[in-house]
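The values are calculated or read from the model by the stated rules, or taken from the named source; none is laboratory data. None of these values were measured; they are calculated from a predicted model. In this analysis, Cβ positions are derived from the backbone assuming ideal geometry, glycine residues included, and neighbour counts consider all displayed protein chains.
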């Protein structure tokens, strides 16, 4: 399995195994290598045909007819063959699989996420089990398109209103919170027409809760709205602008933490907002989550599903909840997100919590 | 059920483009660029006219050829095509006829980071460059194109041959651009 694919008759001296982050031209070179090595298929001569038969064996891949194994978050990276790595790299370029998924899903049982980790890290399984035991048994999956934090936030924000003891009141509070955040938009130099246009779908959803319209105030219609690309993306942009304007107007607070996620070099507030916050498809990190949480005065708790071993005897310490915003107590009904490296989903309890279970 | 929210995608784009057009007319971009819809019926297709920036080979060298002191620069036409979900996604910009430049594909399509759709990174360059966001618009893109004409970025070129020429033999690159500009102007 661990054998590295280095065909003895490889026409190129460099082994594809070295490739971790190559530019597209090298990748093309390697593609052509692949096609040359497979060329002997058509050759009537016996020895090359033998080489062909040997090649798949050397990679540890199943025979040519067998379907390729499933590679997911759970796969140990060191077992990947070069063909598999190449396939994954190709996938990164096209992302068609990702783009065909719904923007946000109806809830799935947490057990389905657990299924993905069954053969994986025991630490992660332990954390998933803890969530399950404590009632966090529903996951609403956001599409992995770089906007997953903002979309998960929207869903959790709307569910919070829906499941509150007094949805109409909560909706009015949410509406006020958005209105209070608007001056910062103005101060950041965003055009009023621009941000109002993007905020409109979110505002009208919240208004529909305030008016207690039965037709729109249910989980199904929230998901339906957030699956509609135009409105969903408008809301993502609106939240990005809210986040950006909060960072811009609290520059001194944020500036020490504004780093480029690729180079880790400090960025100016303006650079950070223009490069990492405002464009769609850019992942949110702590700074963005903190800013949005503060901008809308809403607590956020993020359950980190990483491989860290959280010691201690107390139950709370099994999973790492990273908290943002002022009120993250159970009474404050913070938004609860599930974080796996590079991705956010929403995690909820099936029954809205009424009695704190701590 | 969603009647009050179901706005046609084009209408969002159209409304936004109307506003951009109004703003551009009220406050023109220096006086080197003009841009506007080709016809009032279709806001999703614009034409831009861009004057070659001073001090670049994209300024016509007419006075050197004729001896007359004529400062008239090269003016290049480009087509801007907006997607129906603009401004969530950027528009495309195509010089017609194509312009010889390291960051313009031989078919005339402009390749700069600010015009790349969100999440799309065809050149695999890192995030240090400015990306499209709905905060951008025709004005900011055209200004970027203007500075692109003045300062080609061969790190992320579109026309590879042209990049090589620019890097290895700049005088020849400039000569060819001038020749092209001359032809465009019909001199």
Exercise. If you take the residues of region B:1-50 that are within 13 Å of chain A (Cβ to nearest Cβ) and crowded, with 18+ Cβ neighbours inside 10 Å, which of them is modelled with the lowest pLDDT?
Worked result: B:12
Exercise. Taking region B:153-175, which residues are surrounded by fewer than 16 Cβ atoms within 10 Å (Cβ to Cβ) and farther than 20 Å from residue B:114 by Cβ?
Worked result: B:160, B:161, B:164, B:167, B:168, B:169, B:170, B:171, B:172, B:175
Exercise. For residue B:150, all conditions in the list (1) exposed (fewer than 15 other Cβ atoms within 10 Å of the Cβ); (2) within 12 Å of chain A (Cβ to nearest Cβ); (3) within 17 Å of the chain's Cα centre (by Cα) hold save one; what is the number of the exception?
Worked result: (2)
Seminar exercise, completed: Those residues of region A:186-244 which are surrounded by fewer than 17 Cβ atoms within 10 Å (Cβ to Cβ) and in contact with a strand residue (DSSP E or B) (Cβ under 8 Å, 6 or more places away or on another chain) amount to A:227
Problem set entry | Evaluation of residue A:171 against (1) within 13 Å of chain B (Cβ to nearest Cβ); (2) in a helix (DSSP H, G or I); (3) closer than 22 Å to residue A:246 by Cα (one fails), failing number | (1)
Seminar exercise, completed: In region A:262-276, residues that are within 13 Å of residue B:135 (Cβ to Cβ) and within 7 Å of another protein chain (Cβ to nearest Cβ) total 2
Problem set entry | Wholly within region A:229-321, helices (runs of 4 or more DSSP H) carrying at least 2 residues that are within 23 Å of residue A:340 (Cβ to Cβ) and modelled with pLDDT of 95 or more | A:229-249, A:286-295
Exercise. If you take the residues in region B:117-136 that are modelled with pLDDT of 85 or more and either assigned to a helix (DSSP H, G or I) or crowded, with 21+ Cβ neighbours inside 10 Å (or both), which one is nearest to the chain's Cα centre (by Cα)?
Worked result: B:132
For this session: Pull up region A:324-358, narrow it to residues that are in contact with a strand residue (DSSP E or B) (Cβ under 6 Å, 6 or more places away or on another chain) and modelled with pLDDT under 85, then point me to the one that is farthest from residue A:289 (Cα to Cα).
Result: A:350
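Yes/no per residue for (1) more than 12 Å from chain B (Cβ to nearest Cβ); (2) out of contact with any helix residue (DSSP H, G or I) (no Cβ under 6 Å at 6 or more places or on another chain); (3) over 21 Å from residue A:291 (Cα atoms):
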site	(1), (2), (3)
A:181	yes, no, no
A:186	yes, yes, no
A:192	no, yes, no
A:197	no, yes, yes
A:202	no, no, no
A:207	no, yes, yes
A:211	no, yes, yes
A:218	no, yes, yes
A:221	no, yes, yes
Problem set entry | Residue that is farthest from residue A:126 (Cα to Cα), among those in region A:279-309 that are within 14 Å of chain B (Cβ to nearest Cβ) and without any contact (Cβ under 8 Å) to a residue 40 or more places away in the chain | A:279
